[in-house]
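The values are calculated or read from the model by the stated rules, or taken from the named source; none is laboratory data. It should be emphasised that the depicted structure is a prediction, and the values quoted were computed from it without experimental measurement. Reconstructed Cβ throughout: ideal geometry from the backbone, glycine too, with neighbour counts over all protein chains shown. Accessible surface areas use protein heavy atoms only, side chains included; no ligands, DNA or RNA. Shrake-Rupley method; radii C 1.70, N 1.55, O 1.52, S 1.80 Å.
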Amino acid sequence: MATHHTPLHHAAAEAVAAHAGIAATDLKVEAPPRAELGDLAVGCFAIAKARKQNPAEVAGAIAAAFQPTRLLASATAAGPFVNFRADRTATYRWLIDSALRGRLVPGELGTGKTICIDYGSPNISKHLAYHHVRGTTVGHALAQTFRALGYRVVGINFLGDWGTTHGMLLAAWARWGPVEPVDVSALNALYVRFRAAAAGDPALEQEGRAWFKRLEDGDPEARALWQRFRDVSWAEFQSVYEILGITYDEVRGEAAYEPDMPRILETLAGHGLLTESQGAQVVELPGEKTPILLRTRDGTTLYATRDVAAAEYRWANYHFTRSLYVVDRGQALHFRQLFKLLGRMGHEWAGRCEHVPYGLVKIDNQKSATRLGNVVLMRDVFTIAETMVREVIAENNPEMPPDQVAEVARQVGIGAIVFANLAPQRDKDIDFDIEHAVSLEGDSGPYLQYSHARCASIARKAGGRVTDLDGIDLGKLAHDAEWAIARRLLEFPESVVRSSESCEPHVICHYLLQLAAEFSRWYTLGNGDAALRVLCDDAATRRARLALVSAVQATLRDGLGMLGIAAPDQM
RNA sequence: GCGCCCAUAGUUCAACGGAUAGAACGACCGCCUUCUAAGCGGUAGGUCGCAGGUUCGAUUCCUGCUGGGCGCGCCA
């Protein structure tokens, strides 16, 4: 079952379906591997099999029977494939018009559907370390992508503001505090010191657990201190999210679910799911070697318990179509168990919950972790990236005012980092390398931004972007390099949809690299031949090319927006 | 020990079961009288970890193996 996201794909599928006695939606329409084969291809394997015929014969018959349509000019059989050639002028019109109106992607796909995305979700009182950038940028990219497709997105920051680690911090404060000023760095240092001391001292660990128990029991001193730590942390996190352009729709930490704990445990007991094991309350799950723990022998609740409450809250409030948890792969077991537990509790929506795992961000080939103290701060990496980029911007734009240089350096530096984290498949581990991450050459965020800036530059020189196609003769787009761009634009909707379905922002990253490359190839032709430039002498040709440039610019801007990357007009 | 994930060019990565496996970086050769060279073209570079299986067709799906990563009740 395939849905076709452009009228051309739809027309190609219909053309084959009409002669094959098969539904158009069952046919896959793809781009042929080489331009000389055609613009759209449909393989006849399934049809041939059903008819017990040779696929090549089927393709030949279908191609022979083809009647041109408004968008499709011709069809030829090549082996088992029917390859269609598009009517270029009609295709340009649809593509450019759609792109200019921001309607190239099917913006109605998610109408009436809600997607919850839990991402970022750091622990309070700890640094936002560089390795947090992966989940934060992936989650944000998914949120932006789903929004572009018309879904209602609830971006959730499920702050890690509860649990034993926070008891440890209180214990550390009681021992070594108070520290002034109270900021995340000071709290983080206190926590690291405590973990180091506790490593050889079980009594200290017990002290931490006791403090969490006090916190959970509502001890006023513990609560007041905890609240202060939380406020300080959130202010710090927000300043970093601002750099990334992220705003959350719901900031609701684990602590918010504290009042639900007794009810959750009662419900589980009521279902006869809860059993006792070594003093703890657990639930045995089918197919799992180890049970899921919901209550410690000290009587405190656990991550899993609060996750159950949060999942129920989200369902009750949002009735999501999908509820995504963008969390590192190391927690795969936890989520598998959590979702099984939700299912056993009778929640039919448990199947809508998905763990969206991502690989590690390693530093010098080592796993980075706050409790180990070997962290690089996200904020510091941003600053370094910005600084590295600023020189290049200033050098290449001598007339640009200093404020603007600083602003663009920020956009490009951050864009480089974000892209570097999004471009590989989620599953892959990333070894952090600032030189590579901030590289301005080759496949990178800045390459995309640069391509966009070139489009904007042309439009500036031409006196403005094209905003509608009235009076423009798109038949003037006669060069194959221009058509190559159109073919690529045709793939944008499918790429975005696939990216959303698989929760893989890298699909969009690679699509945009290809689009930018097609544009750059075309652009460079103008270096050798002034007649091939957008701003050529012939007014009609110039306007048609300008329209194409505007479509590319809009698509790059929209695509970068889905990735959470800024698209400056100059750089 | 058990479970999950990964393995493609020297390196970093693509390839929705289909047509001649593609980019980038690095190397080498070219293109600034350029609409921004942060760019473009070209050359060199691959037994798609190994062995089976399913299929008309497998880098893609299944099984086993090897190598690496991560995880496995009172952290999150």
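Taking into account only those residues within region A:427-480 that are among the charged types (D, E, K, R) and more than 11 Å from RNA strand B (Cβ to nearest atom), which is nearest to A:THR524 (Cα to Cα)?
Looking only at region A:427-480, we keep the residues that are among the charged types (D, E, K, R), and these are A:427-429, A:431, A:433, A:435, A:441, A:443, A:454, A:460-461, A:465, A:468, A:470, A:473, A:476, A:480.
With the extra rule that they be more than 11 Å from RNA strand B (Cβ to nearest atom), the set shrinks to A:465, A:468, A:470, A:473, A:476, A:480.
On the way: A:ARG465: 20, A:ASP468: 26, A:ASP470: 28, A:ASP473: 23, A:LYS476: 19, A:ASP480: 14 Å.
Only one residue fits best here, namely A:ASP480.
Only one of A:ALA148, A:ALA210, A:ALA141 is in contact with a Pro (Cβ under 7 Å, 6 or more places away or on another chain) and in contact (Cβ under 8 Å) with a residue 40 or more places away in the chain; which? Spell out how you get there, then give the answer.
Values: A:ALA148 fails: in contact with a Pro (Cβ under 7 Å, 6 or more places away or on another chain); A:ALA210 fails: in contact with a Pro (Cβ under 7 Å, 6 or more places away or on another chain).
The unique qualifying residue is A:ALA141.
What are the residues in region A:2-16 that are crowded, with 16+ Cβ neighbours inside 10 Å and assigned to a loop (DSSP other than H, G, I, E, B), if any?
A:HIS4, A:HIS5, A:THR6
Can you pull out every residue in region A:130-171 that is open to solvent by less than 10 Å² (accessible area, probe 1.4 Å), away from RNA strand B (no atom under 16 Å from the Cβ) and in a loop (DSSP other than H, G, I, E, B)?
A:LEU149
Consider A:VAL507 carefully, then state whether it is within 25 Å of A:VAL327 (Cβ to Cβ) and assigned by TED's automatic domain parsing to the domain that holds A:GLU441. Don't jump to the end; show me each part of the working.
On the way: within 25 Å of A:VAL327 (Cβ to Cβ): yes; assigned by TED's automatic domain parsing to the domain that holds A:GLU441: yes.
So A:VAL507 passes the test.
When region A:496-523 is examined, which residues are found to be open to solvent by 10 Å² or more (accessible area, probe 1.4 Å) and of a type in the set (S, T, N, Q)? Talk me through it step by step, then tell me what you get.
Filtering region A:496-523 down to residues open to solvent by 10 Å² or more (accessible area, probe 1.4 Å) leaves A:498, A:501-502, A:504, A:506-507, A:510, A:513-514, A:517-518, A:520-521, A:523.
Within region A:496-523, A:SER502, A:GLN514, A:SER520 meet the criteria.
Give me a count of the residues in region A:515-571 that are not in a helix (DSSP H, G or I) and not charged (D, E, K, R). Before the answer, list the steps.
Pass one, region A:515-571, residues not in a helix (DSSP H, G or I): A:529, A:533-538, A:564-571.
From what's left, not charged (D, E, K, R): A:534-536, A:564-568, A:570-571.
The total comes to 10.
Give just the number: which of (1) at positive phi; (2) away from RNA strand B (no atom under 11 Å from the Cβ); (3) open to solvent by less than 50 Å² (accessible area, probe 1.4 Å); (4) not aromatic (Phe, Trp, Tyr) does A:VAL105 not satisfy?
Checking A:VAL105 against (1) at positive phi; (2) away from RNA strand B (no atom under 11 Å from the Cβ); (3) open to solvent by less than 50 Å² (accessible area, probe 1.4 Å); (4) not aromatic (Phe, Trp, Tyr), the one that fails is (1).
Report whether or not A:GLU407 is more than 7 Å from RNA strand B (Cβ to nearest atom), assigned to a helix (DSSP H, G or I) and among the charged types (D, E, K, R).
Values: more than 7 Å from RNA strand B (Cβ to nearest atom): yes; assigned to a helix (DSSP H, G or I): yes; among the charged types (D, E, K, R): yes.
It is true that A:GLU407 is more than 7 Å from RNA strand B (Cβ to nearest atom), assigned to a helix (DSSP H, G or I) and among the charged types (D, E, K, R).
Check whether at least one residue in region A:354-368 is at pLDDT 95 or above and assigned to a helix (DSSP H, G or I), and report yes or no.
For region A:354-368, residues at pLDDT 95 or above and assigned to a helix (DSSP H, G or I): absent.
Considering only residues that are in contact with a His (Cβ under 7 Å, 6 or more places away or on another chain), of a type in the set (A, V, I, L, M, F, W, C) and more than 7 Å from RNA strand B (Cβ to nearest atom), which ones fall in region A:316-336?
Scanning region A:316-336 gives A:VAL327, A:PHE335.
If you scan region A:112-121, which residues turn out to be surrounded by 23 or more Cβ atoms within 10 Å (Cβ to Cβ) and either in a loop (DSSP other than H, G, I, E, B) or of a type in the set (D, E, K, R) (or both)?
Residues of region A:112-121 surrounded by 23 or more Cβ atoms within 10 Å (Cβ to Cβ): A:115-120.
Answer for region A:112-121, where residues must be surrounded by 23 or more Cβ atoms within 10 Å (Cβ to Cβ) and either in a loop (DSSP other than H, G, I, E, B) or of a type in the set (D, E, K, R) (or both): A:ASP118, A:TYR119, A:GLY120.
Taking the options A:GLY561, A:GLY526, name whichever one is surrounded by fewer than 19 Cβ atoms within 10 Å (Cβ to Cβ) and more than 7 Å from RNA strand B (Cβ to nearest atom). Steps first, please.
On the way: A:GLY526 fails: more than 7 Å from RNA strand B (Cβ to nearest atom).
Step by step, each of A:GLY561, A:GLY526 is checked, and only A:GLY561 is surrounded by fewer than 19 Cβ atoms within 10 Å (Cβ to Cβ) and more than 7 Å from RNA strand B (Cβ to nearest atom).
Which of the residues spanning region A:406-460 are at pLDDT 95 or above, surrounded by fewer than 17 Cβ atoms within 10 Å (Cβ to Cβ) and over 30 Å from A:GLY330 (Cβ atoms)?
Of everything in region A:406-460, those that are at pLDDT 95 or above, surrounded by fewer than 17 Cβ atoms within 10 Å (Cβ to Cβ) and over 30 Å from A:GLY330 (Cβ atoms) turn out to be A:ALA406, A:GLU407, A:SER457, A:ARG460.
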